Structures are given as structure tokens and as C-alpha cells.
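Rule-based calculations on the coordinates, nothing more; no lab input. Treat the numbers as computed from the prediction; the structure is a model and nothing was measured. All Cβ positions, glycine included, derive from the backbone under ideal geometry; neighbour counts span all protein chains shown.
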Amino acid sequence: MIYLDNAATSWPKPARVYEEMSRCMRDYCANPGRGGHAMAIASGKAVMHVRELLSSFFNIRNPMQLCFTKNTTEALNMAIKGVVCSGDHVITTSMEHNSVVRPLKTLEKRHGVEIKIIRGNEYGEIDPHEVEKSIKSNTKLIACTLSSNVNGIIFPIKEIGKIARKHGVYFMVDAAQGAGSIRIDVEDMGIDMLAFPGHKGLLGPQGTGGLYVAEHVSLKSLMEGGTGSNSENVYQPEIMPDLMESGTLNTPGIVGLGAGVEFINRFGIDNIRLYKHMLLSRFHEGLKEIGKVKIYSKGGMESNSGIIAINFESVDSAEVSAILDNVYGIATRSGLHCAPLAHETLGTLRQGIVRFSLGCFNTNEEIDFALAALREISESL
């Protein structure tokens, strides 16, 4: 199998991820923060190590402002529903995943929250000035993806962050795509809340993710329960990360996530980005030579996180992905990618898109094989 579906979840993982998760499960996996015995303490230390590791990775000054979640969707719901109230105004883009759109639309329906959607151009790109022009007196939040999960387009996060700070508006970034290959500095980029997955570009296992919340952000808890702290109090602790971390954490998953981040640090995030760009450019240029293909992604490193989105004329995207899987053993993702507004922007709401998403373990040979397969499909149409 040639795996080109890394935007859904990365595969394979670094060997150390499997090894550290197994060692955790076998040697010390007790409940972190829920006891004073040696195994519980070892688990707590392991979780704290990864919290500190991720904080350094994203330039988060206080590691306690980072809480662990089971995925980006949970983190985004925590952030959006934790700050947005009835009567608030929220600005977002037409390239957002449903993990941003659905919570916002729910708040619109139930609580009368106003939503302004900045529409992207033919590639989904937006002008930061349009964001600034949309700010109102009751604007509470700007919610933006780091990179589109449909076509890989990268958003001007630093510019939008400056606008948000200028106007005193919270800025939340969905880093589901790009975290692990694009440098993220929450201070330099003006990010107030950062939601990220552990199982994609950070090379950890599924069931892991996180949310950073700046200290000046007042967040309501999405869920309450046991935290292992302030147990005498029947109310949820108001300090981070306890405020947002009710219940037992996924200790083996968090340990695996830490191993994934350590792999990135050893290899170098800039080296990973350059390598993925080399693969992306090879694929993008090769596609230009194949007839009947429409490309929805840009090929430059500054504009694409590692995704190539295509279609064959009027052929349904699911049919193409099925052929790639069943005939050529190539894993891709077709359809709407949980992002209907993005497909509406790109003009692919009816047809969907065939998405090829590259990872740091893909090779030139795999790219060439995929191009040869697409060439054969094109010739058969």
C-alpha cells in the first residue's frame, strides 16, 4: 500500500512511538495525578514531560496553559464554546473544517451568535484586510485554519494575529493541518488559542490532541469532573490545565505523541517541510503533464502544507479514489473532507475532490508510481 492520506492521520509512525507506548503500557501506566505511589508518579512525570515538550515546540511560555484532548475537534469545541456567548460576533473563513463550522452554527442557532464568513478566492486564499474590515464592536473571536485540509492552502496567520491584537479580539487557530511541518510560534503569531491533533503531522497515535489557551483568555469549561486536584471542592478548578482536563488522560497516547515530537525535533521541522515540499513539487509538476486533470492546489512551499487536490473532468472523486485503491494500492481521500464550505469555495461541492496528502515517510518512487497510475486512469477516460 502506498499511503497518501496523511491529512487524515499520519502513517507509519516513527518506531520510537510504538516502542515508548508499549513500554508505558507494560512498565508504569498507572493513573497520572491520581495517587502517590511510584507508578502514578511515573505516569504524571511522563505526561508533564510531553506537556513541556509541546510548549517548547509551540513557544508556549507556561506549559500549564496547554491541556490534552482526544483530538482537534474536542479542542476546537472547548475553545469556541468556552469563549463565545449570546450576542457575540465571530469571524471565520470559507475554508474551515466542520469542526469549526458546526460549533459556530450551533451557537448561531441556539444562542443568536453572529457569524461572518470571509470567502476565499479560487484557491481559498483570503485577504487579511477583509478580516479587519469585518470586525465589529461585539466581535469576540477570529477563528482560522492554519492550512486547509482540502487543498493545503496556508493562511496568513501572523498577519491575522496582528489584526486581532490591534482590536482586542481573541484569535483561535486550527492547526490540524500543518502542525509538525510548519513552525508555529503562538507569541510571534499572536495566537490566543491553538488547537492541534497528535495523530497527524506530530506523528503520534490517534486519540491525542491539545489546546493552548493564553493566560489572558477567560475560558468556560466544556466538561466537569475529577481532576485529581482540589478534590474537596464540588466545583471545577478554575486553573489550567485542570479546568479543561476532567477524567483520566490517555497516558500511553500522550507518551506516543511525545515520541513523535521528539522525532520531529531530531530530524528538524524545517527539514521535514523542505522534504515534503520536494515531494509536493515533484507531484504538482508531474500532474501538469497529465491530460484531463484539474488541480486545486498550489505548488509552492509558502502556500501549501503538503496536499494535492485534483479531479478528472466530470468523473466522481469517489470513483477515482476507488480505482487508485483497488487497482494500484494507493490510499487517498475523496469526497467533501468534512469541509463543505471549502468545496463550495473551490466549486467542487457536487463532485468532491481526490486528495493526496504527503507525509515525511513518503518517497520519490511513491510519487512517481502515483503519477503513473493517474496517467493510466487519464488515458482510459
Pseudo-spin-label distance SER218 to LYS45, built 7 Å along Cα→Cβ, given in nm, is 4.0 nm
Residue by residue through region 364-376, the couplings from Karplus 6.51 cos²θ - 1.76 cosθ + 1.60 with θ = phi - 60°, in Hz, x for Gly and Pro, are 4, 5, 5, 5, 5, 5, 4, 5, 5, 5, 5, 5, 5
By the mean-Cβ-within-10 Å protection proxy, highest first, 78-89, 186-197 rank as 186-197, 78-89
If one compares the long axis through the Cα atoms of helix 15-27 with the longest principal axis of the Cα atoms of the chain, the angle in degrees, nearest 10, works out at 30 degrees
Most packed first (mean Cβ within 10 Å per residue), the peptides 254-264, 292-302 order as 254-264, 292-302
quick note, the chain, DSSP beta bridge pairs, % antiparallel (nearest 5) is 50 percent
Relative to the chain, whose Cα atoms define the longest principal axis, helix 72-83 and its Cα axis are tilted in degrees, nearest 10, by 60 degrees
Ranked output for segments 95-101, 123-129 by mean other Cβ atoms within 10 Å, highest leading, reads 95-101, 123-129
hull vol. (C-alpha, convex hull) per residue for the chain, Å³ -> 130 Å³
Dividing the helical contributions, -39500 (n - 2.57) per DSSP H run of n ≥ 4, by the residues of the chain yields a 222 nm value, nearest 500 deg cm²/dmol, of -12000 deg cm²/dmol
For the chain, longest principal axis from Cα atoms; helix 251-267 axis from its Cα atoms; angle between them, nearest 10 degrees, is 60 degrees
So GLU108 and VAL315, fully extended at 0.36 nm per residue minus their Cα-Cα distance, gain in nm 70.9 nm
Residue separation between MET25 and GLU365 times 0.36 nm, minus their alpha-carbon distance, gives in nm 118.8 nm
Residue separation between GLU130 and SER86 times 0.36 nm, minus their alpha-carbon distance, gives in nm 13.4 nm
